[in-house]
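Below: the structure, in structure tokens.
The values are calculated or read from the model by the stated rules, or taken from the named source; none is laboratory data. Worth saying up front: this structure is predicted, and the values here are computed from it rather than measured. Counting neighbours? That spans all protein chains shown, and the Cβs are built from the backbone with ideal geometry, glycine included. Just the protein is used for accessible areas: all its heavy atoms, side chains included, with ligands, DNA and RNA removed. Shrake-Rupley method; radii C 1.70, N 1.55, O 1.52, S 1.80 Å.
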Amino acid sequence: MLTYWGIFMTVLEELRQSIEAGHPKETEKLVAEALEQRVDSMRIVEEAMMPAMRTMGEHYKEQEADIPSILAAARCVRSGFALIEKKDASFEEQNIGTVIVGTVEGDLHDIGKNLVALMFRSAGFKVIDLGVDISEKQFLKAVRENPDVQIVCISSLLSTSLPEMEQVVKVLRRNDPEKKYKIMVGGGAVTKQLAEDMGADAYTENCVEAAEVAKTFIV
């Protein structure tokens with residue numbers, strides 16, 4: 001006979017596999033099953049959803065998964081996350097911190113930014129998504145309108161947009177000399193060295209890592 005722990009692990013493992021396979025309906029079914037078994041919502045996120053996305057990120061990095069596969073997994077997570085919010089009022093009310101996300105001016109790519117925003121929400125953050133093609137003035141305005149912001153996450157896929165990202169970081173640093181908020185950067189055009197040269201607080205290669213690093217900034 002399976003113990004309660006064994007049952008939890010079984011449904012969470014099945015959920016991870018469902019997300020990795022890109023089956024949103026099966027994911028919803030398994031999330032509902034986990035909630036019926038009274039598995040804590042954060043356990044569902046941290047022990048099934050985020051590990052699944054981390055695995056998919058690793059597969060993509062190793063060229064073992066393509067963009068459609070990543071998007072299918074993300075749809076699964078989004079569906080599961082929406083069900084958790086609907087079923088668990090306490091989860092919906094959680095807010096461990098506020099994050100502003102946006103893709104810099106001159107770049108219209110939103111896949112990476114959307115995945116990062118999804119992972120931030122799954123990790124319990126309030127996310128203010130500015131969208132794409134966002135200028136330094138728009139980032140600065142968003143920061144000033146949200147004085148409780150703790151992290152600003154800036155994305156760019158295009159190498160041609162890197163000067164704009166650097167300018168955004170510079171402007172935000174000038175606005176916040178006491179470093180009340182952290183600046184994170186990421187995207188296909190960014191490297192760890194470039195992030196350090198810009199003066200960003202962190203660089204991450206994928207959406208799961210971004211959420212995990214962001215959590216370390218919350219005290």
**Report entry** Listed residues A142, A195, C76: farthest to the positive end of the dipole of the chain (Cβ charges)
**Finding:** A142
Query - Cα centre as origin, Lys/Arg/Asp/Glu Cβ charges: region 72-213 dipole, Debye - result: 220 debye
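Which percent of the accessible heavy-atom area of the chain goes to carbon and sulfur, probe 1.4 angstrom?
Numbers: 5660 of 11260 Å².
Answer for the chain: carbon and sulfur cover 50 percent of the accessible area.
Send over a whole-number figure in Å² for the accessible area per residue of region 123-219, probe 1.4 Å. Numbers along the way, then the final one.
Details: 4830 Å² over 97 residues.
Per-residue accessible area for region 123-219 comes out at 50 Å².
Test of the criteria: in region 170-219, which chymotrypsin sites (Phe, Trp or Tyr not before Pro) are in a DSSP loop and have at most 15 other Cβ atoms within 10 angstrom of their Cβ?
On the way: sites: Y181, Y203, F217; in loops: Y181, F217.
Counting only loop positions with at most 15 other Cβ atoms within 10 Å, the chymotrypsin sites (Phe, Trp or Tyr not before Pro) in region 170-219 are F217.
In region 45-82, which trypsin sites (Lys or Arg not before Pro) are in a loop and have at most 11 other Cβ atoms within 10 Å, using DSSP for the loop call?
On the way: sites: R54, K61, R75, R78; in loops: none.
Of the trypsin sites (Lys or Arg not before Pro), not one in the loops of region 45-82 has a Cβ with at most 11 other Cβ atoms within 10 Å.
Just subtract the alpha-carbon distance of T216 and D40 from 0.36 nm times their residue separation and send over the number in nm, one decimal.
Values: separation 176, 0.36 × 176 = 63.36 nm, distance 2.17 nm.
Full-extension gain reported as 61.2 nm.
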Query raised in the report: Alpha carbon centre of region 156-213 versus region 13-50: separation in Å?
Result: 32 Å
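Assign one of three labels to region 167-219, namely rounded, prolate or oblate, based on the Cα gyration tensor with a ≥ b ≥ c the square roots of its eigenvalues; rounded applies when a/c is under 1.5, prolate when it is not and a/b is larger than b/c, and oblate otherwise. Display every interim value, and only then the final one.
Numbers: a/c = 2.47, a/b = 1.17, b/c = 2.12.
Verdict is oblate for region 167-219.
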Query - Paramagnetic reach from E64 in region 13-33 [backbone N under 19 Å; point 7 Å along Cα→Cβ] - result: 13-23
Report summary line: Looking only at lysines whose Cα falls under 25 Å of K113's and that sit 8 or more positions away or on another chain, we get K25, K61, K86, K126, K137, K141, K170, K179, K180, K182, K192, K215
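Among rounded, prolate and oblate, which fits region 112-219 when a ≥ b ≥ c are the square roots of the eigenvalues of its C-alpha gyration tensor, a/c under 1.5 means rounded, and a/b larger than b/c means prolate? Walk me through the numbers before you get to the answer.
Values: a/c = 1.31, a/b = 1.05, b/c = 1.25.
It comes out rounded by the Cα gyration axes.
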Query raised in the report: Mind checking which of Q150, Q17, Q193 has the largest fluctuation in a GNM of the chain, springs on alpha carbons under 10 Å?
Result: Q193
